[in-house]
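The values are calculated or read from the model by the stated rules, or taken from the named source; none is laboratory data. From a predicted model like this one, the values you see are computed outputs, not experimental measurements. So basically every Cβ, Gly included, is an ideal-geometry build from the backbone, and we count neighbours across all protein chains shown.
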């Protein structure tokens with residue numbers, strides 16, 4: 001199972017080969033994202049050049065399951081952020097929430113940007129840099 005960061009989904013929507021290939025390679029696995037990821041993707045659609053087409057985003061990402069987050073996830077995020085801070089390299093809050101969701105669900109995290117390139121993160125979760 002994979003938790004997707006918005007960076008991969010945005011690259012996928014843009015037709016970037018590496019993201020499209022990654023998604024296709026993992027098509028037989030459950031694909032998850034916390035609501036924050038979808039919010040970031042929708043924001044990207046709203047602020048891109050041209051007209052906004054949220055329905056097209058929904059259609060293109062119909063394979064993503066939005067996972068409910070809970071107090072358990074919030075606590076796991078705090079535990080993760082605390083451990084990373086102790087190493088001197090915490091994540092931005094929104095990225096910590098996404099990574100912590102993957103930790104709480106015991107799933108791999110797929111990202112395509114350097115936001116998650118912090119010391120110690122790979123020690124606590126399986127991270128695919130797409």
Given the conditions (1) at pLDDT below 90; (2) surrounded by 14 or more Cβ atoms within 10 Å (Cβ to Cβ), report the number of the one that residue 100 does not fulfil. (1)
So residue 52 clears everything in (1) within 28 Å of residue 119 (Cα to Cα); (2) touching a helix residue (DSSP H, G or I) at 6+ places or on another chain (Cβ under 6 Å); (3) not in a helix (DSSP H, G or I) except one condition, right? Which one? (1)
When the range 40-60 is examined, which residues are found to be under 14 Å from residue 94 (Cβ atoms) and loosely packed, with under 13 Cβ neighbours inside 10 Å? 43
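Can you name every residue in the range 21-35 that is in a helix (DSSP H, G or I) and surrounded by fewer than 16 Cβ atoms within 10 Å (Cβ to Cβ)? Talk me through it step by step, then tell me what you get.
Quick first cut of the range 21-35, residues in a helix (DSSP H, G or I) only: 21-25, 35.
The answer is 21, 24, 25, 35.
Do we have any residue at all in the range 81-93 that's free of Cβ contacts under 8 Å to residues at least 40 places away in the same chain and within 25 Å of residue 18 (Cβ to Cβ)?
We begin by selecting, within the range 81-93, every residue free of Cβ contacts under 8 Å to residues at least 40 places away in the same chain; these are 81-82, 84-93.
Subsequent filtering for residues that are within 25 Å of residue 18 (Cβ to Cβ) retains 91-92.
Checked the range 81-93: at least one residue is free of Cβ contacts under 8 Å to residues at least 40 places away in the same chain and within 25 Å of residue 18 (Cβ to Cβ).
Have a look at 41, 37 and point out the one that is in contact with a helix residue (DSSP H, G or I) (Cβ under 7 Å, 6 or more places away or on another chain), under 18 Å from residue 3 (Cβ atoms) and free of Cβ contacts under 8 Å to residues at least 40 places away in the same chain. Steps first, answer last, please.
Numbers: 37 fails: free of Cβ contacts under 8 Å to residues at least 40 places away in the same chain.
Step by step, each of 41, 37 is checked, and only 41 is in contact with a helix residue (DSSP H, G or I) (Cβ under 7 Å, 6 or more places away or on another chain), under 18 Å from residue 3 (Cβ atoms) and free of Cβ contacts under 8 Å to residues at least 40 places away in the same chain.
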The condition from (1) within 18 Å of residue 32 (Cβ to Cβ); (2) modelled with pLDDT of 90 or more; (3) touching a helix residue (DSSP H, G or I) at 6+ places or on another chain (Cβ under 9 Å); (4) assigned to a helix (DSSP H, G or I) that residue 79 misses is numbered (1)
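Taking the range 61-76 as the search range and keeping residues that are part of a helix (DSSP H, G or I) and within 16 Å of the chain's Cα centre (by Cα), which one is surrounded by the fewest Cβ atoms within 10 Å (Cβ to Cβ)?
Going residue by residue through the range 61-76, those that are part of a helix (DSSP H, G or I) are 71-76.
Applying the additional criterion that residues be within 16 Å of the chain's Cα centre (by Cα) yields 73-74, 76.
Numbers: 73: 19, 74: 14, 76: 22.
For the range 61-76, the residue satisfying everything is 74.
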